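Chemist: Attaching a single structure in structure tokens format; questions to follow.
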Amino acid sequence: MTGRRTDIGGVTVPVDHLIGGEWVGSPDTFETRSPLDWDAGPLAHVARGDADTARAAVAAATEGFAVWGSWGVSQRAEVMHRLADLIDANAEEIALAETLDMAFLQESMRLRLVGRGALNFRTYADLIVAHEEREWDAKNLHNWVQRMPAGPAVVITPWNAPFMLSTWKLAPALAAGNSVIHKPAEWSPLSAALLAELTLDAGFPPGAYNLVQGIGEEVGAALVADPGVRRITFTGSPGTARHIGHAAAENIVPFTAELGGKGPLIVFADSDLDAAAHRAAWQFDDSGQVCLAGTRLLVDASIRDEFMKKFDEHADALVLGDSRDPATQIAPMVHPDHRDAVHGFVERARANGDTILRGGQPRADSLHYEPTLIEPTSNDSEVVQQEIFGPVLTLQTFDDESDAIRLANSTAYGLSAIVFTGSRERAERVGRALRAGLVWVNTFLVRDLTAPFGGCGISGIGREGGDHALEFHSDLKTLMILDDSCH
Ligand code: NAD
């Protein structure tokens, strides 16, 4: 079946579910709108999955698993490499869909993130081929460890950076030999549909790769509660993770969660201040809709004024605009509801007596929110302790290194941290003292895909990246044969 398709700005996108290798509709749909032109009406009407859709997808994934999970690693790797090549070949369409759907900067998508998505599949294809089973002799036994595919995996993803984040979670699940059911976010479902379509040409067997569209509390909840599912991997908010965690516990299903962040960006007096200020102002990138962002600026009190002067210069130069325009640096926010939620944080900060140093208002003519900097009255202020997920930073000063570490580690989150210093010794000392899954010193966002990725505290459960994700998606088996017992 070909399924329904919708033309969005010259790219036609499937708007149904992909189940068992077929496009399948639902009686209901939900609408997605473009943040670039909200009042223009719906961009697409997308199939709205329900409990029946979830059941059908798990049944198809169970059949798909029987085939895909039995293939050798070279055969799986070949299909994944083919998918990576198809992603590269369709970069323009994927970039445009993402830009129209959730306002991601089109140039960034085209030049960086689509390629990173393809690299996720290549990296995991290579990792499974290179994997050697651990083997050793001990206690009169020859031992070895086998990674068995676990079964159908549900992959639930958020609306920010949806294409790249989806590939990052789907690639290890598929590489491990699991079939997948991908449920993208309802605010940005379209690039996932293009990806699903490419899997048909890449040569996955029917049911190995399934896409289900719909609302989280409806089809998402039904998927994670299905007893046929053997792995759940989720990226999103801590609140949703709690619901999914309950469902995973009910069926005793391993579950990873990549959740929100409230990272510090620490500037020591011995750092390259201009580089630090530039990077700090760039935390407004993607309108602050970045889990890894260093949203709490912690600056040595002795350099506060000098830092602020440079920060203001860089922040003043940021260009807010339409995400299709290559000159634009800051895109509109994803949805009016999210912009209003961000504004709610700022209004409560005002009422709390926190000082708004810059911004603090939505733009009247677009879904932009002004890049905002707040100096809180205390470290307990809501804007310091809660993830805002918008272009809102806080500014606090510290007296010495231990004060900086104390402030940095003082929220319930622990996803990432950024440190600026010119001292290698301080970099290692502070880096080791920070409670975060990722710490960058004098840089940001670069990561080798084989390095572990994940959060401490309420920022997550488990680690993705490299072999960490492959082990999560596998059932490890230890085989033991008594020495000299067979020939
Ligand atoms: P969200 O939790 O609202 O939704 C995420 C996904 O979960 C969506 O697909 C949604 O439909 C689905 N969902 C919602 N309720 C569900 C339920 N009951 N059962 C099953 N699925 C359900 O998050 P969001 O607003 O889309 O994303 C923003 C959040 O994601 C922020 O907190 C951000 O920090 C976090 N995030 C984390 C990372 C990371 O790697 N740590 C990366 C990106 C985003």
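What follows draws every value from the coordinates through simple rules; no lab data is involved. Just so you know, these numbers come straight off a predicted model, no measurement behind them. Positions of Cβ are generated from backbone atoms using ideal geometry, with glycine treated the same way; all protein chains shown enter the neighbour counts.
Chemist: Roughly what % of DSSP beta bridges within the chain run antiparallel, to the nearest 5?
Modeler: 50 percent
Chemist: Could you give the Stokes-Einstein D for the stretch 156-223 in µm² per second, using the C-alpha Kirkwood radius, 20 °C, 1.002 mPa s?
Modeler: D = 177 µm²/s.
Chemist: Which distance in nm do the two modelled labels at Asn251 and Glu217 give, with both placed 7 Å along the Cα-to-Cβ direction?
Modeler: In this crude spin-label approximation the distance works out to 2.1 nm.
Chemist: Taking the Kirkwood radius as the inverse of the mean 1/r across Cα pairs, report the Rg/Rh of the stretch 351-480.
Modeler: 1.07
Chemist: What FRET efficiency, computed as 1/(1 + (r/R0)^6) with R0 = 56 Å and r the Cβ-Cβ distance, is obtained for Arg432 and His487, rounded to the nearest 0.05? Walk me through the numbers before you get to the answer.
Modeler: Numbers: r = 52 Å, r/R0 = 0.93.
Efficiency, rounded to the nearest 0.05: 0.60.
Chemist: Grab the alpha carbons of the stretch 406-470, take their convex hull, and tell me the volume per residue in Å³. Walk me through the numbers on the way to the answer.
Modeler: On the way: hull volume 5.4 nm³, N = 65.
Per-residue hull volume (Cα only) is 83 Å³.
Chemist: Could I ask something else about it? Wrap a convex hull around the Cα atoms of the stretch 333-403, take a quarter of its surface area, and give that in square nanometres.
Modeler: For the Cα atoms of the stretch 333-403, the hull's average projected area reads 5.0 nm².
Chemist: What is the Cα radius of gyration of the stretch 432-486 over 2.2 N^0.38 Å, N being its residue count?
Modeler: 1.74
Chemist: Residues in the stretch 293-334 near a label at Arg363, defined as backbone nitrogen under 18 Å from the 7 Å Cα→Cβ point?
Modeler: Counting only backbone N, you get 314-334.
Chemist: When you take every Cα atom in the stretch 116-191, what is the radius of gyration, and what is Dmax, the widest Cα pair distance, in Å?
Modeler: 16.5, 58
Chemist: How far apart, in nanometres, would the label points at His314 and Arg112 be if each is projected 7 angstrom from Cα along the Cα-to-Cβ direction?
Modeler: 1.4 nm
Chemist: Now for a different question. For the modelled label position 7 Å from the Cα of Asp403 along Cα-to-Cβ, which residues of the stretch 280-312 have backbone nitrogen atoms closer than 15 Å?
Modeler: 298-305
Chemist: Eigenvalues of the Cα gyration tensor times 5, then square-rooted: what semi-axes does that give for the stretch 26-72, in whole angstrom, largest first?
Modeler: So the three semi-axes of the stretch 26-72 are 34, 15, 5 Å.
Chemist: Label-point separation (nm) for Ala275 and Gln75, each offset 7 Å from Cα along Cα-to-Cβ?
Modeler: Between Ala275 and Gln75, the label points sit 5.0 nm apart.
Chemist: Using only the Cα atoms of the chain, what are the Rg and Dmax in Å?
Modeler: Rg, Dmax (Cα atoms, Å): 23.3, 79.
Chemist: Over all directions, average the projected area of the Cα convex hull of the stretch 263-441 and note it in nm².
Modeler: Averaged projected area of the stretch 263-441's Cα convex hull equals 9.8 nm².
Chemist: Near Lys169, which lysines are there with a Cα under 28 Å away, not counting those fewer than 8 places off in the same chain?
Modeler: Lys183, Lys262, Lys477
Chemist: What are the radius of gyration and Dmax of the stretch 1-133, computed over its Cα atoms and given in Å?
Modeler: Here Rg and the maximum Cα pair distance are 17.5, 56 Å.
Chemist: Work out, step by step, the length gained on full extension between Arg447 and Asp337: first 0.36 nm times the residue separation, then minus their alpha carbon distance; give nm to one decimal.
Modeler: Details: separation 110, 0.36 × 110 = 39.60 nm, distance 3.19 nm.
Using 0.36 nm per residue and subtracting the Cα-Cα distance, I get 36.4 nm.
Chemist: A follow-up question, please. Taking the alpha-carbon centroid of each part, what is the distance from the stretch 461-487 to the stretch 155-215 in angstrom?
Modeler: 26 Å
Chemist: Show the residues, 5+ positions off or on another chain, whose built amide H is closer than 5 Å to the amide H of Tyr209.
Modeler: Residues meeting the criterion, in which the H sits 1.01 Å from N, are Val180.
Chemist: Write down the Kirkwood hydrodynamic radius of the stretch 277-371, to one decimal in angstroms, obtained as one divided by the mean of 1/r over all alpha carbon pairs.
Modeler: Answer for the stretch 277-371: a Kirkwood hydrodynamic radius of 14.4 Å.
Chemist: Quick check on packing: order 21-29, 460-468 by the mean number of other C-beta atoms within 10 Å, highest mean leading.
Modeler: 460-468, 21-29
Chemist: What 222 nm value per residue comes from the helices of the chain, counting each DSSP H run with n ≥ 4 as -39,500 (n - 2.57) and dividing by all residues, nearest 500 deg cm²/dmol?
Modeler: -11000 deg cm²/dmol
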